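These notes concern the structure reproduced below.
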Amino acid sequence: MKVSLFITCLVDMFYAHAGKDMAEVLERQGCELSFPKGQVCCGQPAYNSGYVENSKSAMKNMIKTFEGAEYVVTPSGSCATMFKMYPEIFANDARWKDKAQALADKTYEFTEFLVDVLKVEDVGAKLTGKGTYHPSCHMTRLLGVKEPPKKLLAQVEGLEMIPLPNAHNCCGFGGTFSVKMGDISEQMVDEKVNSAMVTEADYLIGADCGCLMNIGGRAERTGKKIRVMHIAEVLNSRE
């Protein structure tokens, strides 16, 4: 099975290990990987800020970049959601609408691809300790990927998963929201960090690096001791 990796801006710049971990997990499942070098931003920050027309050039670049891919897999529910929105954005564009739909149809978030396409729930991971899972908003509410991460984490040897109180609450990142509404975002992430501390978990696990950066940064600044991990890192662990 040939898989083209869509690594995303945050992974590329801040969480390269998450991309590496995802690649290693997929390789062990027999996937033949490629990394199309033309990939840049998917256009989400500009689009969500209301600059719809300005964001389309980035989107068109991504459509062309992944045009020859069999499957596109990304370690981000948020960015996968953006690809899924392309058909709606280009619905009235005769040149791009079919190409946008083709990209959306073959794009999968990492855990979704493992469970729903490869039909794998146990990837042989081992991580000793207690973990709690933060379900990011875009991944669960827009992309609709809720169960795959839970199924995969349940099979990690040595890992005891503890429910996160008020897990459905947003962590306050929301991309540009955390910049424009900093005071509100801070209160939201404080609530999320405090919820994580209630679990007494060793690890706060998530599938979107924006959330992890926000939660992990706030936990560190407030002296809260919890290790923040992308789910790809957990699934590639052998501890």
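The values are calculated or read from the model by the stated rules, or taken from the named source; none is laboratory data. Please read these numbers as outputs of a predicted model, since none were measured by experiment. Here the Cβ positions follow ideal geometry from the backbone for every residue, glycine too, while neighbour counts run over all protein chains shown. These area figures cover heavy atoms from the full protein model, side chains too; ligands, DNA and RNA do not enter into them. Shrake-Rupley method; radii C 1.70, N 1.55, O 1.52, S 1.80 Å.
Tabulated values for the structure
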| item | result |
| --- | --- |
| Nearest-ten-degree value, helix 16-28 long axis tilted from longest Cα axis of the chain | 80 degrees |
| By average C-beta atoms within 10 angstrom, highest first, the peptides 117-127, 210-220, 89-99 | 210-220, 117-127, 89-99 |
| Rounded D (µm²/s) - segment 86-193, Kirkwood Rh over Cα pairs, Stokes-Einstein at 4 °C, 1.567 mPa s | 79 µm²/s |
| Within a Gaussian network of the chain (alpha carbon springs, distance under 10 Å), most fluctuating of Phe177, Phe110, Phe83 | Phe177 |
| Dipole in debye (nearest 20) - the chain, about Cα centre, beta carbon charges: Lys, Arg +1; Asp, Glu -1 | 360 debye |
| Dipole of segment 169-239, positive direction: furthest Cα of Gln187, Ser237, Thr199, with charges on the beta-carbon | Ser237 |
| Spatial separation of Cα centroids for segment 29-67 and segment 160-208, in angstrom | 27 Å |
| Accessible area in square angstrom per residue, segment 175-239, 1.4 angstrom probe | 47 Å² |
| Karplus (6.51, -1.76, 1.60) ³J(HN,Hα), θ = phi - 60°, over segment 57-63, in Hz, Gly and Pro reported as x | 5, 5, 5, 4, 4, 5, 4 |
| Per-pair calculated FRET efficiency, R0 = 41 Å: Gln29 and Glu88 via Cβ, rounded to 0.05 | 0.85 |
| Residues whose placed amide H lies under 5 Å from that of Lys130, excluding near-sequence neighbours | Glu160, Asp202, Tyr203 |
| Segment 156-206 - percent of accessible surface contributed by carbon and sulfur, probe 1.4 Å | 54 percent |
| Proximal aspartates and glutamates to Lys130, defined as alpha-carbon separation beneath 16 angstrom and excluding residues fewer than eight positions away on the same chain | Glu157, Glu160, Glu200, Asp202, Glu233, Glu239 |
| Extension gain (nm, one decimal) between Lys2 and Asn169, 0.36 nm per residue minus Cα-Cα | 56.5 nm |
| Length released on extending from Glu121 to Lys151, taking residue separation times 0.36 nm less the Cα-Cα span | 10.2 nm |
| Hull volume in cubic angstrom per residue (convex hull over the Cα atoms of segment 50-115) | 82 Å³ |
| Separation of the Arg238 and His17 label points, Cα + 7 Å toward Cβ, nm | 1.6 nm |
| P(r) of segment 175-239 over all Cα-Cα pairs, binned every 5 Å from zero, in whole percent | 3, 17, 28, 24, 16, 8, 3, 1, 0 |
| Theoretical FRET efficiency, 1/(1+(r/R0)^6), r = Cβ-Cβ of Glu160 and Ile184, R0 35 Å, to 0.05 | 0.55 |
| Charge dipole (the chain, unit charges on Cβ, about Cα centre) - positive-most of Met82, Thr111, His134 | Met82 |
| Over 18 Å (Cα to Cα) - which of Lys64/Lys97; Lys2/Lys119; Lys84/Lys151; Lys64/Lys99; Lys2/Lys97; Lys84/Lys106 fall in this group | Lys84/Lys151; Lys2/Lys97 |
| Distance in nm between pseudo-label sites at Lys64 and Glu191 (7 Å out along the Cβ direction from Cα) | 4.4 nm |
| Potential extension, Lys224-Lys130 segment - 0.36 nm per residue separation minus Cα distance | 32.3 nm |
| Percentage, to the nearest whole number, of Cα pairs in the chain over 27 Å apart | 33 percent |
| Per residue value of the accessible surface for segment 1-73 (all protein chains in place, 1.4 Å probe), Å² | 52 Å² |
| Segment 1-114, accessible surface, carbon-and-sulfur percent (1.4 angstrom probe) | 49 percent |
